[in-house]
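Chemist: Structure incoming, see below.
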């Protein structure tokens, strides 16, 4: 019995050895691929952390710039060049656009805001759209401003977009349409929103809802 067992055991061992000889390279390849994938993921995590830390360090200069359009523009440009996909790049671009707008450089403000809308963080695109429409209104580019506002799909910005649409239409002398836009803004705005009282004043100046 023992001899039979030894023979069967030897056959199993031989079969395993034969299978290993035929498949060892595939097993090694699979293990190597797994190790590389894990190493690659770890490396990507490390690289991402390093990139995020670098971007954050660069963005730390935003509050220190104190609204200086030149300084904020330099910070934004550097972040866009080195970390274009980062949250900080679009945040810096928004800050630079605001500073340029306040300094009267509408072209620079428009360029920054257009970049945020096309490439910035999702959290920043809504406000970038509103601010871009305001810049276009100041440039008297009414048709483009309305087109930008028409592209809004975010409920959070709907009331503000309609209010600004009313401003654009009013500037064009389209008073009935402006009144309708202000009314739409009120319908969508939160009762506690500070924008609401401003919109009500505008609508009242046009004779109220009709």
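Every read-out reported here was derived from the displayed coordinates using simple, explicitly stated rules and does not represent laboratory data. Computed from a predicted structure; not experimentally measured. Quick reminder, even Gly has a Cβ in these numbers, built from the backbone with ideal geometry, and neighbours come from all protein chains shown.
Chemist: Rank the residues 164, 195 as a footprinting-exposure proxy: fewest other Cβ atoms within 10 Å of their Cβ go first. Can you show the working numbers first?
Modeler: Details: 164 26, 195 15.
Neighbour counts put them in this order, fewest first: 195, 164.
Chemist: Same structure, new question: Note down, for the stretch 167-210, the three equivalent ellipsoid semi-axes (square root of 5 times each alpha carbon gyration tensor eigenvalue), biggest first, whole angstrom.
Modeler: For the stretch 167-210, the ellipsoid semi-axes come out as 18, 9, 9 Å.
Chemist: Also, I was wondering about something else. Could you list 162, 150, 54 in order of exposure, starting from the residue whose Cβ has the fewest other Cβ atoms within 10 Å? Working shown, then result.
Modeler: On the way: 162 22, 150 11, 54 15.
Sorted ascending by nearby Cβ count, the order is 150, 54, 162.
Chemist: Fewest to most neighbouring Cβ within 10 Å: what's the order for 201, 175?
Modeler: On the way: 201 10, 175 13.
Least crowded to most crowded, the residues run 201, 175.
Chemist: Distance from the Cα centre of the stretch 185-210 to that of the stretch 97-165, in angstrom?
Modeler: 21 Å
Chemist: First obtain the Kirkwood hydrodynamic radius of the stretch 58-205 from its Cα pairs, then insert it into the Stokes-Einstein equation at 25 °C and 0.890 mPa s, and state the resulting D in µm² per second as a whole number. Present the calculation step by step, with values, prior to reporting the outcome.
Modeler: Details: Rh = 15.9 Å.
Once the numbers are plugged in, D ends up at 155 µm²/s.
Chemist: Give me the percent relative contact order of the stretch 58-205, please, defined on Cα pairs under 8 angstrom at least 6 residues apart.
Modeler: On the way: 194 pairs, mean separation 19.8, N = 148.
Value for the stretch 58-205: 13 percent.
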